[in-house]
Amino acid sequence: MLKITKCPRCDSAKIKRVKRNWTGDFQGQVYTVSGLEFYECPTCGEKIYDRQAMQKIEAHSPAFVKIHA
Ligand SMILES: [Zn+2]
């Protein structure tokens, strides 16, 4: 599992793993991923997603929804 102790953008050690409902936007389409775990820096707002989080986002994203003819 990805372990981050320092924010890559501002060097803050306050960055921490959070679990919350995450809202994304794809070409104006808003979608929500419930209970997504990712790292968030309270100092600069940087968000870091590990592979698991990325897969969860992709699974919910309209960009990856298969359209059936
Ligand atoms: Zn930061």
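For the pair residue 29 and residue 11, the difference between a 0.36 nm per residue extended length and the Cα-Cα distance amounts to 3.2 nm. Taking 14 Å as the straight-line reach from the Cα of residue 56, the aspartates and glutamates in range (excluding those fewer than 8 positions away in the same chain) are 37. Each residue of the chain gets 97 Å³ once the volume of the Cα convex hull is shared out per residue.
Report the gain in length on full extension from residue 54 to residue 37: 0.36 nm times residue separation, minus Cα-Cα distance, nm rounded to one decimal. Don't skip to the answer; put the middle values down first.
Numbers: separation 17, 0.36 × 17 = 6.12 nm, distance 0.99 nm.
The span from residue 54 to residue 37 would gain 5.1 nm if fully extended.
Among the trypsin sites (Lys or Arg not before Pro) found in region 16-69, those both in a DSSP coil and sparsely packed, with 13 or fewer other Cβ atoms within 10 Å of their Cβ, are 66. Electrostatic tally near residue 47: other residues with Cβ closer than 15 Å to its Cβ, Lys and Arg +1, Asp and Glu -1, net +4.
Readers should treat all values here as calculations from the given coordinates under stated rules, not as data from a laboratory. Computed from a prediction, not measured in an experiment: that's the story for all the values here. Glycine also receives a Cβ, built like all others from the backbone with ideal geometry; neighbour counts cover every protein chain displayed.
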